[in-house]
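A.B. asks: Let me begin by handing over the structure; questions about it come next.
The values are calculated or read from the model by the stated rules, or taken from the named source; none is laboratory data. Keep in mind that this is a model prediction, so the values were computed, not measured. Methodologically, a virtual Cβ is constructed for each residue, glycine included, from the backbone with ideal geometry; neighbour enumeration extends over all protein chains shown. Surface accessibility is based on the protein's heavy atoms, side chains included, excluding ligands, DNA and RNA. Shrake-Rupley method; radii C 1.70, N 1.55, O 1.52, S 1.80 Å.
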Amino acid sequence: MNFSEVFRLSGLLCRFSPDGKYLASCVQYRLVVRDANSLQILQLYTCLDQIQHVEWSADSLFILCAMYKRGLVQVWSLEQPEWHCKIDEGSAGLVASCWSPDGRHILNTTEFHLRITVWSLCTKSVSYIKYPKACQQGITFTRDGRYMALAERRDCKDYVSVFVCSDWQLLRVRRSVPAGNADTPLTGEEVGCRGCYLRFQGPLYKVLLYSLDGRLLSAFCAYEWSLGVKSVAWSPSSQFLAVGSYDGKVRILNHVTWKMITELGHPAAISNPKIVVYKEAQKSPKLGLGHLPFPPPRATSESKYEIASVPASLQTLKPLTDRANPKIGVGMLAFSPDSYFLATRNDNVPNAVWVWDMQKLRLFVVLEQLSPVRSFQWDPQQPRLAICTGGSKVYLWSPAGCASVQVPGEGDFPVLSLCWHCSGDSLALLSKDHFCLCFLETGEGVGLAVRQRDGHT
């Protein structure tokens, strides 16, 4: 396996283009666009200040760079490198920026969430949307890109508004969120051909689903008077809605009646012999005889997976319940692209990833790492899961097996985040200041080849 110096990076800002042709990375105020296969530099753009957010348009023709400290957004074109656009929010400031689904409008959220400004790249027109709610996920679009759902806060009440993306006009009368959901984050998805549905949840247990015409389709509440919903995920097939809760359980709702069909718990001990438990274990270094090299090679802590005997106990973390945002409950959820599997992480069992069989609605595999899991992401083309823990390894699981792979290179390379190429053939591993691109080998089992090129930007 050959490798060389990795590429520089700032702020974990590395993104594949939606069409898979390009890879964009940021180094302070510079934006570098590479060929996703050869890693050759295609374009190098210089922004007016340090880049804090980067995002591709849906058609991969434009790329947005946001500089929140300066209240600036710069847009670059790959087809016409000499063309560029600068948006200055001025004294209103800037806290968030994103593309609309058509790739020709930019939505900027001003400081204190006073308004959202919609800028058109085609007509240079400007539209304003007042009173956006300050929450983690207050804007979302339907899969077909026709509608936008927005969480609003006005007159000390929460509302959900639906806008038409073609003219940014309000589609339906806003509906007030029921009492007790003052901190409601909003997300939304299109559910197959049955129409578009919205669901939102708060710190108390409440999941509400609405149709586009404003009808309340269902209200789900598993329990009351305790911390409730922590994470939510739709399955790609739109048949399931997974709701992760602070009590360490995942409730699965069906798309027909929106009733709960099963409850998935996360016990600290696995006693079912049908469940495979993989535990990461350190490999013992082999001490050779003879002369030792000088200087000594970089110490690498290699590891492997071992199948634990059942019953197996998992490492648990005692949460500090007297502090805000306690580390308890299901904080991460992700469905595989074929909707056959669901991966979860219970925050008070931070080293474990649980993989559930959604056809049989049962636990399939548990993978316990030596360190807490920072992130995991499914291959967009097949049921293959990539996991990182902040160490210099990447972990892969598929129904055929799992593997722990050391990332080569000089010095330490802590993998803090990762992202898949849309084809599933490559994987970008991100550390605080560097990134490398990994190309996965095809063949039996789970293989990983790491391919890196010299680069200074």
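A.B. asks: I'm trying to understand the selection: among the residues of the stretch 110-129, which are open to solvent by less than 90 Å² (accessible area, probe 1.4 Å) and of a type outside the set (D, E, K, R)?
C.D. replies: Matches in the stretch 110-129: Thr110, His113, Ile116, Thr117, Val118, Trp119, Ser120, Leu121, Ser125, Val126, Ser127, Ile129.
A.B. asks: Residue check, Leu385 against (1) open to solvent by less than 20 Å² (accessible area, probe 1.4 Å); (2) at pLDDT below 90; (3) in contact with a Leu (Cβ under 9 Å, 6 or more places away or on another chain), all met but one. Which one?
C.D. replies: It fails just one condition, (2).
Residues are listed down the side, and each one gets a yes or a no for (1) farther than 16 Å from Gly103 by Cα; (2) more than 23 Å from the chain's Cα centre (by Cα); (3) free of Cβ contacts under 8 Å to residues at least 24 places away in the same chain:
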{"site": "Ser10", "(1), (2), (3)": "yes, no, no"}
{"site": "Leu31", "(1), (2), (3)": "yes, no, no"}
{"site": "Leu48", "(1), (2), (3)": "yes, yes, no"}
{"site": "Ser60", "(1), (2), (3)": "no, no, no"}
{"site": "Gln80", "(1), (2), (3)": "no, yes, yes"}
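A.B. asks: Please tell me if Tyr68 is touching a His at 6+ places or on another chain (Cβ under 8 Å) and aromatic (Phe, Trp, Tyr).
C.D. replies: yes
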